[in-house]
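First the structure, in the form of structure tokens, and then the observations on it.
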Amino acid sequence: MRRYLVVANKTLGGEHLTDRVRECTASGPCHFHIVVPATPPDDHPWTESEAGSLAEQRLARALGRFRELGADADGEVGDANPLAAIEDALREGSYDEILLSTLPPGVSRWLKLDLPHRVQTQFGLPTTHLMGEPDATTP
């Protein structure tokens, strides 16, 4: 069974990710572990508990969507720093591939940090970078 580590935040509900999950499940048995970094909102003053709560909401919606697609999935809220969140997840489990979902260039903080390249380099796992628009239902 292939194991995928899915790392996303505002793009968790996008069609780009849904399409990739469908492709993976069509290829054979697989499991998805979703990590949602507790990234603080950037449009107002925030608290750590608010960032965690938003990430929990996104995770719950994503788990529901993945399961509707017939995917075996679980997940967790991770560190606000996506690299630290990935490192924590890799300490707890092993994965065949990382699916990293970001916003498009220009609006994505993760792309400004060169996250796709840094993830591939730091963790040495095949990394698929997916880009999508924010989920309309995501706060």
For this session: Sort Leu130, Leu5 so that the residue with the fewest other Cβ atoms within 10 Å of its own Cβ comes first and the one with the most comes last.
Result: Leu130, Leu5
Problem set entry | Efficiency of FRET from Cβ geometry, Ala84 and His117, R₀ 25 Å, rounded to 0.05 | 0.90
For this session: Please report the Cα spread of the chain along all three principal axes, rounded to whole Å, starting with the longest.
Result: 44, 33, 28
Exercise. Put +1 on the Cβ of each Lys and Arg and -1 on the Cβ of each Asp and Glu in the chain; which of Ser108, Gly75, His31 then has its Cα farthest toward the positive end of the dipole?
Worked result: His31
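List Met1, Met131 from most exposed to least, where exposure is judged by having the fewest other Cβ atoms within 10 Å. Before the final figure, lay out the partial values.
On the way: Met1 8, Met131 16.
Ordered by Cβ neighbours within 10 Å, fewest first: Met1, Met131.
List Ile34, Ile98 from most exposed to least, where exposure is judged by having the fewest other Cβ atoms within 10 Å. Intermediate values should be presented prior to the final figure.
Working: Ile34 26, Ile98 22.
Least to most surrounded, the residues fall as Ile98, Ile34.
Where a number appears in this text, it was derived from the coordinates with a stated rule and is not lab data. Predicted model only: the values in this text are computed from it and were never measured. Counting neighbours? That spans all protein chains shown, and the Cβs are built from the backbone with ideal geometry, glycine included.
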